[in-house]
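Input: a single structure, listed below in C-alpha cells.
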Amino acid sequence: MSDLCIKLKDKVLGGGEITFEEAVELICLEGPLVFDLIASANWIRNTYKKNKVILCSIINAKCGGCPEDCAFCSQSVHHQTDIASYPLLPSDEIIDTAKKAFSEGATEFSIVTSGRGISEEKEISSLAETFSKFNENLNIPSCASLGLLDLDTALKFKAAGLKNYHHNLETAKSFFQNICSTHTYEESVDTVRIAKSAGFRVCSGGIFGMGESPRQRVELAFILKELDVDSIPMNFLNPIPGTPLESIPPLKPLEILKTIATYRFVFPKRDITICGGREINLRDLQALMFIAGANGTMLGNYLTTRGRASQADLQMIKDLELEVD
Ligand code: SF4
C-alpha cells in the first residue's frame, strides 16, 4: 500500500484535513497506486457513511432557451443542438414525476430549470406553489436548482418550504473563462453564499473532463470546501453534439475514480454524488465509484441525456452490499 495513501488516510480518520498540495499528490498518483488511493477512499467512505447510499432524481422543469453560453450545455441558445424547449411545467406535473421517482427508489428529488435564474414573478409564484405542494405530498426535503439566486428570491422560496438548493460552480475559478462568458464565477459563488445564508442545505459541485487539469479539479474542491457546501455532485462530461465541447476527449475511467477518491479525502464526511456522464465514461467500472468514495448517485435520466434503467443501478447497489439510505 502506498505510504502517501496510508499517511493521509490516517490523518483524515484521525480528524485532520489534507492540504491542497497533498490533494494534488493524490490526484496525480499513477499505475497500481491508483488502486491504493481508491481503497483508502473506500475506507474513509465506509467510516463516515457506513454502507448507506443516497439516490437523487431530477426533473427538467423548464428546458432550453437559455441566454447563457455554458460550453457544455445543450440548453444554451448559443449552441446548435436539437434540444426541445418548453416553459416551466405546472406544479402537479412536477409532483407526479417526483412521486414516480420515489416509487422507483429515489431518496432525493430536485426541480431543475434552465436559464440564468428565476426572476419573473409568475415563475416565482408557480415554483413557490410547487414547493409547498411538494412538502404536503412527499415526506422528504424539497430540492431545487434554479440558477443564480438573489437573497430576496431565496427567502421567498425558503418561506414556501424549499429545503435544499443546488448550484454547481462547474469548474475551477482559473478555468471558468473557458466555459462561460455570460456570467462570472463570482456570481455563482455568491449564489452559493446566498443559498447558505438563506438557510438552505446547499449542494454544489461541477463537471470534470472539460479540459481542466488535475490541479484545477483540486482547486474546485478547495473552493467548495471554503464555501462549506453540504453535498458535492460530481458530473463527468458527456459531450453533446453542437456544443463547443463536443469533441473533447473523454476522461479515462481511472482518472475519474482518482478524482472521486481525492474528493473523498477532501470531504470525508460530506455527501458525494456521482451524476451525469457516469455510464458513458466509467462503463463497466461504474460500481467502483462507490469504492472510490462516492456515497450517492443519480437514478433515472439526467437533465438532457438518458440514464440507464433504475433497476440496473439498484441491483449494482445490492450486489455491493450497500443499502439505500
Ligand atoms: S448550464 Fe444552466 S445557465 Fe448554463 S447554459 Fe445551461 S441552462 Fe443555461
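The values are calculated or read from the model by the stated rules, or taken from the named source; none is laboratory data. Only a predicted model underlies this, so the values are computations on that prediction, with no experimental measurement involved. A quick note on method: Cβ atoms are made from the backbone with ideal geometry, for glycine too, and the neighbour counts reach across all protein chains shown. Just the protein is used for accessible areas: all its heavy atoms, side chains included, with ligands, DNA and RNA removed. Shrake-Rupley method; radii C 1.70, N 1.55, O 1.52, S 1.80 Å.
Of note:
- Taking the criterion of being away from the ligand (no atom under 14 Å from the Cβ) and open to solvent by less than 20 Å² (accessible area, probe 1.4 Å), the residues of the stretch 60-96 that qualify are SER91, ILE94, ILE95.
- Filter result for LEU303 (open to solvent by 60 Å² or more (accessible area, probe 1.4 Å), within 27 Å of SER74 (Cα to Cα), in contact with a strand residue (DSSP E or B) (Cβ under 7 Å, 6 or more places away or on another chain) and at pLDDT below 95): yes
- Near pairs, Cβ below 7 angstrom, 6+ apart or cross-chain, from the stretch 171-192 (more than 17 Å from CYS73 (Cβ to Cβ)) to any residue that is in a helix (DSSP H, G or I) and acidic (Asp, Glu): ALA172/GLU219; LYS173/GLU219; SER174/GLU219
- Residue in the stretch 39-51 that is over 30 Å from GLU187 (Cα atoms), touching an Asp or Glu at 6+ places or on another chain (Cβ under 6 Å) and open to solvent by less than 70 Å² (accessible area, probe 1.4 Å) present: yes
- Residue in the stretch 142-153 that is among the charged types (D, E, K, R), touching a Leu at 6+ places or on another chain (Cβ under 9 Å) and touching a residue at least 24 places away in the same chain (Cβ under 8 Å) present: no
- Of all the criteria given as (1) β-branched (Val, Ile, Thr); (2) open to solvent by 20 Å² or more (accessible area, probe 1.4 Å); (3) in a strand (DSSP E or B), the one not satisfied by ILE111 is (2).
- Restricting attention to the stretch 150-206, the residues being in a strand (DSSP E or B) and open to solvent by less than 20 Å² (accessible area, probe 1.4 Å) number 4.
- Residue match in the stretch 156-171 (condition: small (Gly, Ala, Ser) and within 21 Å of ILE232 (Cα to Cα)): no
- Test: residue in the stretch 124-142 that is closer than 30 Å to VAL24 by Cβ, touching a Phe, Trp or Tyr at 6+ places or on another chain (Cβ under 8 Å), outside any loop (DSSP other than H, G, I, E, B) and not charged (D, E, K, R): no
- Number of positions in the stretch 7-46 that are hydrophobic (A, V, I, L, M, F, W, C), closer than 21 Å to ARG215 by Cα and not in a loop (DSSP other than H, G, I, E, B): 13
- The lone criterion from (1) surrounded by fewer than 18 Cβ atoms within 10 Å (Cβ to Cβ); (2) more than 25 Å from LEU314 (Cβ to Cβ) left unmet by THR243 is number (1).
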